[in-house]
1. Return the lysines within reach of residue 51: Cα separation strictly under 20 angstrom, same-chain partners fewer than 8 residues apart disregarded; answer none if there are no such residues.
2. Stretch residue 99-residue 150 to full length: gain in nm at 0.36 nm per residue minus the Cα-Cα span?
3. Counting other beta carbons within 10 Å of each Cβ, put 67, 145, 46 in order, fewest first.
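Nothing in this text is a laboratory measurement; each read-out follows from the coordinates by a stated rule. All of these numbers come straight from a predicted model, not from anything done at the bench. Methodologically, a virtual Cβ is constructed for each residue, glycine included, from the backbone with ideal geometry; neighbour enumeration extends over all protein chains shown.
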Amino acid sequence: MRTHNLLSGSVCFLGILFAQAELERTYREAQQAQARGDLKGAIRNYELIVKAQPGMAEAHANLGSLYYQAGDDSRATAALNRPEEAMAEYRKALALNPQVLNVHFAIGNLLWVQNDFERAIPELLAELKLNPAHAEAHYEAGESYIQLNDFDEYDINRIAGG
């Protein structure tokens, strides 16, 4: 009986190692697909990853970026333009790890391109707290204040955290 328990424990451990190796392989494939511009392939792999490992904030962030990027890419089909899904993945990434860089910016940028400046500003400012040198976040935050004619709030020193 004791041998059976050790054997089943070893098999379970090997299964976990295999699953981890498979997850790492899929993550590498997703990154490679993204690097070569295969957005559909990258999305497919990241979707597998977040299904298998829902607590992986970076995978949610990358998937959100691909959903968003796909709508902006001339090589992509209209079916890949998924801003609502991008937003959902960004929110999942932040819920898992609020310190993930560029996710607040990605949310702010998504809102900014939709001319939703009021909702974009807090996200852009949150990114600037994490990453004060983020030039695009500075630009879009300032531009958002200008679009809202809110010149009293537009203070580059406050935006920069100074």
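1. In chain and number order, the partners are 40, 92.
2. 15.5 nm
3. Neighbour counts put them in this order, fewest first: 145, 67, 46.
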